[in-house]
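Note sheet for the following structure.
Taken together, the values in this text are just the output of simple stated rules run on the coordinates, not laboratory data. Because the structure is predicted, anything quoted here is derived from the model rather than measured. Reconstructed Cβ throughout: ideal geometry from the backbone, glycine too, with neighbour counts over all protein chains shown.
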Amino acid sequence: MKKNIVLLDLMIYVALPLFVWNILRDYTGDYYAMLLSSVPGIIYTVYRFVEMKKVNTFGLFILFTLIVGTLIDVLAGSSLQLLWNNVYYAAGISLFFFVTMVVRRPITLYFGLDFAELQGHDRMFSKRLFYKKPLYILFQLITLCFALRSGILAGVKAWLILEYGVEAFDKGIILRQAFSWIMTGVSSSDSSILGRSSTIPLI
């Protein structure tokens, strides 16, 4: 099952966007090719959201990032501004993860509660368990990993834009998915709690 998910991620988040970008940019221009290349990922993310069959913290997070990410792409107005908007957005997501740590409400803990509930566990019991020191610290560390992931990605994307301009787009697609897989590996020690962490979108 996990192998199939990796293959789907590779096809939807990497292969199809690169194919659309490279084929259509000569006909539609860079900006519209970028927008169209995001369509497979949007449809796939919506499918995963619907597959959960329940609106919870994780589902709302997926929906929010999908809506905001789509809006900042559509409203960018140019290919270069679209790239910079994604840098700002990734930095914003990183800040969001950090803030949930500071206020002692690590967002990944609530993702864990959602997955535990979907597996039939009582949510209140799981919450008391997750807030016990060993697990709570683990959730803080996982949240820190996601914060660093988005922050580092924002920095690297900014460097790519300054170095390559619009040509940074395809490099960013590959980099984004590579980071996603790396972070999935980092958080795999807690996979029994979080489930498929690769479903958390990497902006």
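Quick notes
- The label-point distance for Phe125 and Ile23, in a model that sets each label 7 Å from Cα toward Cβ, rounds to 5.1 nm.
- In terms of its C-alpha gyration tensor, segment 49-152 has an oblate overall shape, because the principal axis ratio a/c (a ≥ b ≥ c, square roots of the eigenvalues) is not below 1.5 and a/b does not outweigh b/c.
- Taken along the Cα-to-beta-carbon direction at a fixed 7 Å, the label points for Ile67 and Leu95 span 2.0 nm.
- A DSSP coil position with no more than 12 other Cβ atoms inside 10 Å describes the following trypsin sites (Lys or Arg not before Pro) in segment 76-176: Arg104, Lys132.
- Approximate spin-label separation Leu135-Leu7, in nm, with each point projected 7 Å along Cα-to-Cβ: 3.5 nm
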